[in-house]
Amino acid sequence: MDLGRKSQHLLSKIATNDKHGENSPYFDGWKAYERNPFHPTKNPQGVIQMGLAENQLCFDLIEEWILNNPKASICTPEGVHQFRNIANFQDYHGLKEFRNGIANWMSKVRGGRVRFDPDRIVMSGGATGANEQIMFCLADHGDAFMIPTPFYPGFVRDLCWRTQMQLIPVHCHSSNNFKITREALEEAYKKAKEDNINVKGLIITNPSNPLGTTLDKDTLKSLVSFINEKNIHLVCDEIYAATVFSSSPSYVSVVEVIQEMEHCKRDLIHVIYSLSKDMGFPGFRVGIIYSFNDEVVGSARKMSSFGLVSSQTQHMLASMLSDEKFVTKFLSENSRRLEKRHDMFMKGLEEVNITWFPSNAGLFFWMNLKSLLKEATFEAELKLWRVIIHEVKLNVSPGSSFNCSEPGWFRVCFANMDDETVDVALNRIRELVGKETKKPVGMKSWQPNLRLSFNSRMFDESVMSPHSPITSPLVQAT
């Protein structure tokens, strides 16, 4: 018996199965970055990380608050008197002041139009832990959840790896702006039933990862009506709720929608939340399950003992999230800065006639490179992706890793870098377009502390606009 087989024989099936999804191009891009990370002076030819959805644009506001509130930390002279209380064992309900702070923050993010009950807030180790936890509560081995495409590649790991449940794609298309239609839901549900698959629910992300769009109230009502009729669960991943751009309409949560619906089975509705994206705290591992089902709250709380938020983190965040002045300022500035960074990228793409899917939220955009494909296939998409990773040195994520039904889309993250790195990334995108189209593309010179001055011109009618119908022959072929 060789070493690999011997190892598999000694380990469990969960430890050795291939459901983690680590072999996806999504994770391969991360590995390419880790082997050769970009640094403006130490490694200027390295790979720029544009595959990681992190929010680093408001760290200065966080740092300012920490400096002005030393009592919030047990590691300062001003806060050390709380050390013994915080360091002692805390049960898995969590600190009361932490749950109050989270409830206050979640309400503020949703414009104060909904109230969250602190007693329904269940902790977990980040959104990854929260998503797995809710699946352990709702689904058994072999059961399934429906999920609209394109969707976050990590869901295969988060939802299926250890739970052994499965995902059923609900295929959405760019021809109708990737809308989740009733017809697509019914088709996926019917097919699952024909295959004798037990469908336990539907999971959605709002705002969408990777599209960077929000669901409107009518769509949310339609989804709630669908799950009510089928008597299945609806899990709403709302971890990007506070990333909606400042010029966009207010974010609408499923919690707000069900308040307006009369015959709604609330015990089928569950929300996943986190501070990883909205505040940029992935390292704090703050994941939240909020359910309207008492049994789910109780079961999830018992399971949370395997992935609690540290009491030290709870203590600090309780103080931060209860600071009304800070919360108001942060939410406003976060939305403004994200939109400004998004627009900076859009202007750069316009200069080289690259289009994107119109978005109003998130830490990324959905870039359309169909015009650069040699043919309209997923093989051609991956070939182009390898060029982008290994030659252009940008880690962007191909649409096929998001289960997109159309080749040529790529997710590009924009909030995890400084302005200087943005300039370098845009120059490399220009380089890519010039390389693939064999046409000269003007390059912007880059030096440390230099800001690009983009041409704000709009396209002529004869040039493909990101907001007009796509006319590329390759696009039409799909």
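The values are calculated or read from the model by the stated rules, or taken from the named source; none is laboratory data. The model shown is predicted, which means the values in this text are computed figures rather than measured ones. Cβ coordinates were reconstructed from backbone atoms using ideal geometry, including for glycine residues, and neighbour counts include every protein chain displayed. Accessible surface areas use protein heavy atoms only, side chains included; no ligands, DNA or RNA. Shrake-Rupley method; radii C 1.70, N 1.55, O 1.52, S 1.80 Å.
How many of the residues making up the range 251-281 are in a loop (DSSP other than H, G, I, E, B) and under 20 Å from the mean Cα position of the chain (by Cα)?
Keep residues of the range 251-281 that are in a loop (DSSP other than H, G, I, E, B), which gives 251-253, 260-265, 275-281.
Within this subset, residues satisfying the condition of being under 20 Å from the mean Cα position of the chain (by Cα) are 251-253, 275-281.
Residues meeting the conditions: 10.
Can you tell me which residue among 74, 147 is under 21 Å from the mean Cα position of the chain (by Cα), over 25 Å from residue 335 (Cα atoms) and outside any helix (DSSP H, G or I)? Working first, answer last.
Values: 74 fails: under 21 Å from the mean Cα position of the chain (by Cα).
One residue alone meets the criteria, 147.
Among (1) at pLDDT 95 or above; (2) within 30 Å of residue 342 (Cβ to Cβ); (3) open to solvent by less than 40 Å² (accessible area, probe 1.4 Å), there is one condition residue 221 misses while meeting the rest; what is its number?
Against the list (1) at pLDDT 95 or above; (2) within 30 Å of residue 342 (Cβ to Cβ); (3) open to solvent by less than 40 Å² (accessible area, probe 1.4 Å), residue 221 comes up short only on (3).
Per-residue answers, yes or no, for (1) open to solvent by 10 Å² or more (accessible area, probe 1.4 Å); (2) within 21 Å of the chain's Cα centre (by Cα):
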residue: 360; (1), (2): yes, yes
residue: 365; (1), (2): no, yes
residue: 386; (1), (2): yes, no
residue: 391; (1), (2): yes, no
residue: 401; (1), (2): yes, yes
residue: 410; (1), (2): no, yes
residue: 414; (1), (2): no, yes
residue: 421; (1), (2): yes, no
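Hey, among the residues in the range 329-384 that are of a type in the set (Lys, Arg) and in contact with a Phe, Trp or Tyr (Cβ under 6 Å, 6 or more places away or on another chain), which one's nearest to residue 417 (Cα to Cα)?
Of everything passing the filter in the range 329-384, 341 is nearest to residue 417 (Cα to Cα).
Residue-wise test of (1) polar (S, T, N, Q); (2) assigned to a helix (DSSP H, G or I); (3) surrounded by fewer than 24 Cβ atoms within 10 Å (Cβ to Cβ).
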| residue | (1), (2), (3) |
| --- | --- |
| 98 | no, yes, no |
| 106 | no, yes, no |
| 115 | no, no, yes |
| 127 | no, yes, no |
| 153 | no, no, yes |
| 156 | no, yes, yes |
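Sort out which residues of the range 367-402 are more than 18 Å from residue 30 (Cα to Cα) and either among the β-branched types (Val, Ile, Thr) or in contact (Cβ under 8 Å) with a residue 24 or more places away in the chain (or both), and write them in order of number.
Within the range 367-402, the first condition is being more than 18 Å from residue 30 (Cα to Cα), and the residues that meet it are 367-380.
Within the range 367-402, 367, 368, 369, 370, 371, 372, 373, 375, 376, 377, 378, 380 qualify.
Condition first: of a type in the set (A, V, I, L, M, F, W, C) and part of a helix (DSSP H, G or I). Now tell me which residues in the range 129-141 satisfy that. Steps first, please.
Step one: of the range 129-141, the residues of a type in the set (A, V, I, L, M, F, W, C) are 130, 134-139.
Passing the criteria: 130, 134, 135, 136, 137, 138.
So the check is Cβ under 6 Å with 6+ separation or different chains; which pairs have a first residue in the range 188-212 that's surrounded by fewer than 21 Cβ atoms within 10 Å (Cβ to Cβ) and a second one that's among the charged types (D, E, K, R)?
198/143; 200/143
Has the range 265-284 got at least one residue that is of a type outside the set (Val, Ile, Thr), surrounded by fewer than 24 Cβ atoms within 10 Å (Cβ to Cβ) and in contact with a Ser or Thr (Cβ under 6 Å, 6 or more places away or on another chain)?
The answer is yes; a qualifying residue exists.
For the range 28-48, give me each residue that is open to solvent by less than 40 Å² (accessible area, probe 1.4 Å) and either assigned to a loop (DSSP other than H, G, I, E, B) or touching a Gly at 6+ places or on another chain (Cβ under 7 Å) (or both). Talk me through it step by step, then tell me what you get.
Applying the first criterion (open to solvent by less than 40 Å² (accessible area, probe 1.4 Å)) to the range 28-48 yields 29, 32, 38, 46-48.
Once the filter is applied, which keeps residues that are open to solvent by less than 40 Å² (accessible area, probe 1.4 Å) and either assigned to a loop (DSSP other than H, G, I, E, B) or touching a Gly at 6+ places or on another chain (Cβ under 7 Å) (or both), the range 28-48 yields 29, 38, 46.
Pick out the one residue from 412, 422, 433 that is in a strand (DSSP E or B) and either at pLDDT below 95 or out of contact with any Leu (no Cβ under 7 Å at 6 or more places or on another chain) (or both).
Checking each option against the conditions leaves just 412.
What number of residues within the range 187-221 are part of a loop (DSSP other than H, G, I, E, B) and aliphatic (A, V, I, L, M)?
Restricting attention to the range 187-221, the residues satisfying the condition of being part of a loop (DSSP other than H, G, I, E, B) are 195-198, 206-216.
Remaining after also requiring aliphatic (A, V, I, L, M): 197, 211, 215.
Number satisfying all stated conditions: 3.
Of the residues that make up the range 174-186, is at least one in a helix (DSSP H, G or I), touching a Pro at 6+ places or on another chain (Cβ under 9 Å) and open to solvent by less than 10 Å² (accessible area, probe 1.4 Å)?
Step one: filter the range 174-186 for residues in a helix (DSSP H, G or I), giving 174-176, 182-186.
Adding the requirement that they be touching a Pro at 6+ places or on another chain (Cβ under 9 Å) leaves 184-185.
Restricting the remaining residues to those that are open to solvent by less than 10 Å² (accessible area, probe 1.4 Å) gives 185.
Checking the range 174-186: at least one residue is in a helix (DSSP H, G or I), touching a Pro at 6+ places or on another chain (Cβ under 9 Å) and open to solvent by less than 10 Å² (accessible area, probe 1.4 Å).
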